[in-house]
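Report on the structure given below.
Just so you know, all these numbers are worked out from the coordinates, no wet-lab data involved. The structure displayed is predicted, hence computed values, not measured ones. Note that we place each Cβ from the backbone using ideal geometry, even for glycine, and neighbour counts take in every protein chain shown.
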Amino acid sequence: MKIGMGTDLITLYIPVRQIKWLCHWLAVFFRCCWVLFCLLQTSEVFAAAGDNITNIATIDYKIAGVKATATASTSFIEDRLINFIVSKINDGIYDPVIAGMNGALMSFSVLNTGNSSQDFLLAAVNTTPNPFSSLTDSFNAQIPMRVFVESGVTPGYQAAQDTATYIDELAPNTAITVYVVANIPAGLTNNEVAAVALIAQVAQGGRSGSQGNVITHDSNGHISPASPPSGYSNGATSVSAGSSLNIPDTNGMDTVFNDPAGKAAEDVSSSLVQDIAANGQHADAGAFRVTPPVSIKKTVTVIDSTGGSDPRPGAILRYQLDVTVLGNNEVNHLVIHDDIPAHTSYTDASISLNGIAQSDADDAPVDFSRAININSKPVTAIEVDLSHGGFSPILPGVTNKIIFEVTIN
Amino acid sequence: MPGKYISNKTIKNILLIISLGGMSLHAYAGKGAIQFSNNAFKQIMTTDKKGNKKIDYVKPDLVLPGDVILYQIKFKNISHQVVSNIVINNPVPNNSKYRSGSADSENSVVTFSVDGKHFKTAKRLTVTDKTGSSIIAKPEQYKAIRWVYKKSLKPDETAMVSYKTQIKK
């Protein structure tokens, strides 16, 4: 085979069989490339920032009765939209705490509404005013507060499982729960309130298991504010941000901050002023409220002798006490005492705890309930020791149901 | 090499390699009787001092989810003979959904496809819903657009078709 190049003549001797073999496999390679290229045309799998969006048009025509085809394409890069929303879970509802408790919980959601997977650094700060109702924001949770990310293994905060301190690779249109864990000062009175904001700071994604660097600015010149005084809760030293106005072009993919502003004054950025739009941060606030550690809900049902509900003499009043420990800590030595109302008489052997009949006698450890003065009559009160003399702590969130009956004299 | 010839199949493969290998992912135009071009523009809406809204089209330098893209596909007869039977096919690009009513139909019959193979007008293009019923396809379900140009193209004559997409959110 001879190949001419300009005036020179180069003579190559290549076996025809090898040329055919080479051509065959090169053709297969290019066909595969073409198929992949066409697949990408309609693929929705890779819909994200940095994608090359390509449009290929084909024209078929006839000229002098002969068919012909031509193709033309154009392409551009889909740029990176940084957008995310921090929301208080159970917004508008106080998180009950007890003065002096450790490990008070407040839950938030972080939703990535951008078009790329991102890391998010997290910080919880005391803020003001109270985002809920008219109670005054009157105390601060102890700092530093800790922030952990839900692992997904067991729903709800699990100290042993939920140990991540930053959000790793949050995919577009995906939300994750974040827990603020705070200690509450002692010496507080009921209905004191502490407003707390969770701040999320966008950071580079792309490396699972590795905390990305803070994205300090976008391609429009928007800058992230400086980090909070206590730093992000990821354990790193204070993360610097907003230090540069240099705007690089990252291989054709630009970055645009589009995160919304905080809804109210207490939704602060890491500069501890109300979060502004397009700064790579977003925040929402909740509030701890000091409450009695135990909630008792008391209801009564009237049962008259005719099967109706007329509270006439002789009718039975069935009292039900739903006892729930609030906050996040267990309670010891929880004894429920309820006086028998005037003009009524206790119905013997009517106490039950969670559906199990209790004896009237003071006979612990057979059971831990009693009707006071059951032997001398009249019974003046009933008493149920839910913690069994201090040996069975009552866990938060568990409701114990006590029922007893009296008769209207 | 006496007695050894390169077969037609091999020549075909060589031509395929040359044609595909020469392609760029950026704009390119087929050579022949038709000068063919394809250009994308980002649609931006501006409001003047009087409050009047105005639509402009700019280079797609900064494209984000939700942005509207205009594609202009031009074809010019650069031969000395009339070109006829012109059909333009355009799969809807990746990350994009067709914008309802945006494909121009001047001098063309515009049809759409949800599978890239079978084309029908928007009113006759159907898909099967979850219950098995046949319903009219939504514009965002279109996978490809086809223009059947109703006229012939004289030498030096230029024509254009266009349509818009929206970058998926």
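Taking amide H as placed 1.01 Å from N in the peptide plane, A:VAL196 has its amide H under 5 Å from the amide H of A:THR127, A:GLY286, A:ALA287, A:PHE288, each at least 5 places away in sequence or on another chain. Backbone phi angles across region B:33-42, fed through the Karplus curve with coefficients 6.51, -1.76 and 1.60 (θ = phi - 60°), yield HN-Hα couplings of 6, 10, 8, 10, 9, 9, 10, 10, 9, 8 Hz in residue order; Gly and Pro are listed as x. The ratio of the alpha-carbon radius of gyration of region A:80-290 to the globular-protein estimate 2.2 N^0.38 Å is 0.99. Annotation: average projected area of region A:294-408 is 7.3 square nanometres, based on the convex hull of Cα atoms across all directions. Principal axis analysis of the Cα atoms in region B:66-169 yields extents of 55, 29, 19 Å, listed in decreasing size.
Close amide-amide hydrogen proximity is noted between A:ILE89 and A:SER107, A:PHE108, A:SER109, each under 5 Å apart and 5 or more residues distant or on a separate chain (H modeled in the peptide plane; Pro and chain starts excluded).
Is there a pair in A:LYS263/B:LYS138; A:LYS62/B:LYS164; B:LYS53/B:LYS154; A:LYS88/B:LYS59; A:LYS263/B:LYS164 whose C-alpha atoms are over 32 Å apart, and which pairs would that be? In this structure, A:LYS263/B:LYS138; B:LYS53/B:LYS154; A:LYS88/B:LYS59; A:LYS263/B:LYS164 exceed 32 Å between Cα atoms. Scanning residues 5 or more positions from A:ASN279 or on other chains, those with amide H under 5 Å from its amide H are A:ASP259, with H placed 1.01 Å from N in the peptide plane.
Across peptide A:107-114, the average count of Cβ atoms from other chains found within 10 Å of a residue's Cβ is 1. Cα centroids of region A:266-312 and region A:333-398: 29 Å apart. The phi torsions of region B:116-124, fed into the Karplus equation with coefficients 6.51, -1.76 and 1.60 and a -60° offset, translate into couplings of x, 10, 9, 10, 8, 5, 4, 6, 10 Hz, rounded to whole numbers, with Gly and Pro shown as x.
With N as its number of residues, region A:66-167 has a Cα radius of gyration that, divided by 2.2 N^0.38 Å, comes to 1.76.
Each other residue within a Cβ distance under 11 Å of B:GLY116 adds +1 if Lys or Arg and -1 if Asp or Glu, for a net charge of +2.
Each residue of region A:399-405 was assigned a 3J(HN,Hα) from its phi angle through the Karplus expression (A = 6.51, B = -1.76, C = 1.60, θ = phi - 60°), giving 9, 9, 10, 10, 10, 8, 10 Hz with x at Gly and Pro.
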